[in-house]
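For reference, the structure is listed below as structure tokens.
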Amino acid sequence: MRIYHWAEPCIGIEEKEAINQVMDSKWIGGNGPMVKEFEKELCRYVGCRFAIGVNNGTSALLASLIALKEDLGLLKVGVPTFTFIATATTAKLFADKMAFIDPDKKTWNMPLNQSSSDYNVIMPVDVGGLPLDFKTLEDPELIVLEDAAEAMGAEYNGTKVGNISDITIFSFHAAKVMTMGEGGAITTNCPEYYELMKSIVNQGYGKKEHPWDYEHPSFGLNFRLPELQAALGLAQLKKLEIFLRHRELIAKIYREELSQYGEFQEVSSNIRHTNFLFCILVDPKKRDKLCEELVKEGVEVKVTWKPCHLQGAFKSYADSYLPHSEYLYKRIISLPIYNGLTSEEVKDIVTRFKKAWSVVS
């Protein structure tokens, strides 16, 4: 029986050639020419002024929060509870005050109509690759650190994600639409934040007067992006539009074939969704059994995600009243979606879904 994984990277000859080029150059660490080229091409694609490559998306969040802590001093952070846990754990490290925010029940994204009297930074997530509804951002004093780990290539009103918020982070994990295996990036249009974060990701180095000196004028850590990952990223970035169009086709098939079995994330006409995730909300009484049957049928699925306030790392928030996140969690199933999945294979997954549904009904 054909086993369908939840996600698979799509690596071709171009990526192998790029890796060989780096190996031949002998420069395989950070701060190399491939990293600089990747940052340049990322700026060009997104339309932003500055980009910084880092070793993963969590490091991108950490570097951004360190910069904001240095700039603002006191950090009062609003974090979505319906997200992969890295958004919340990084915030917990630096926030003087942190609160979880319930998602919108239809889009699954965190509402942006928060107040600067409650927070000075919010960390909304583009859930599954769906861009935030920026028109709901009412308070100009709020700094937006956008966790776009799943939204590389997404657009809001024709503007690319990464060119809207004060700071945006991306992940290029092996499961993402474009991948480096591990890797990430930070984008911003603010020169001050750029210079600060550029130093933070590189052990606090500044612009060197004498390149032979070990001068660290500010605090930093090692979040550098290696050349090998940058080479992968350059090759994948060239294919990103093809990947995105193919995922739109996969999502269309799922929506058409499975509409009678549950609900989907609401997608408005003014955005471009990356379809990093494709999820369906089903009867909560059937959800876990349906997952079991799908795995038996050779279809790997996930529940994305258990809300952060219900995770062991955040026990003190367990009594928070965040009903929308718990509504989603009890119903959600994330189905296989990846760049190499063919239309025929998606239809086969649909057939197996319907068979599993007949067992639990």
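Summary of values
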quantity: Out of 8, 37, 15, sole residue that is at pLDDT 95 or above, within 30 Å of residue 299 (Cα to Cα) and out of contact with any Phe, Trp or Tyr (no Cβ under 8 Å at 6 or more places or on another chain); calculated: 15
quantity: Those residues of region 305-319 which are touching a residue at least 12 places away in the same chain (Cβ under 8 Å) and among the polar types (S, T, N, Q), in sequence order; calculated: 311
quantity: Residue in region 175-184 that is among the β-branched types (Val, Ile, Thr) and either within 16 Å of the chain's Cα centre (by Cα) or over 18 Å from residue 56 (Cα atoms) (or both) present; calculated: yes
quantity: Which listed residue, of 331, 352, is under 25 Å from residue 83 (Cα atoms), of a type in the set (D, E, K, R) and in contact with a strand residue (DSSP E or B) (Cβ under 6 Å, 6 or more places away or on another chain); calculated: 331
quantity: Residue within region 36-49 that is hydroxyl-bearing (Ser, Thr, Tyr) and closer than 17 Å to residue 144 by Cβ present; calculated: no
quantity: From 319, 348, residue being at pLDDT 95 or above and part of a helix (DSSP H, G or I); calculated: 348
quantity: Search result, residues across region 56-67 that are over 14 Å from residue 195 (Cβ atoms) and either more than 22 Å from the chain's Cα centre (by Cα) or among the hydrophobic types (A, V, I, L, M, F, W, C) (or both); calculated: 60, 61, 62, 65
quantity: Where a residue in region 239-250 is under 18 Å from residue 172 (Cα atoms) and its partner, wherever it lies, is of a type in the set (Phe, Trp, Tyr), with Cβ under 9 Å and at least six apart; calculated: 240/45; 247/276; 247/278; 247/338
quantity: So residue 149, is it surrounded by fewer than 19 Cβ atoms within 10 Å (Cβ to Cβ) and within 12 Å of the chain's Cα centre (by Cα); calculated: no
quantity: Looking only at region 292-304, and only at residues there that are over 11 Å from residue 353 (Cβ atoms) and in contact (Cβ under 8 Å) with a residue 24 or more places away in the chain, the one that is surrounded by the most Cβ atoms within 10 Å (Cβ to Cβ); calculated: 304
quantity: In region 53-87, the residues that are farther than 16 Å from residue 169 by Cβ and of a type in the set (Lys, Arg); calculated: 76
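The values are calculated or read from the model by the stated rules, or taken from the named source; none is laboratory data. Note that the structure is predicted; figures quoted are calculated from it, not measured. So basically every Cβ, Gly included, is an ideal-geometry build from the backbone, and we count neighbours across all protein chains shown.
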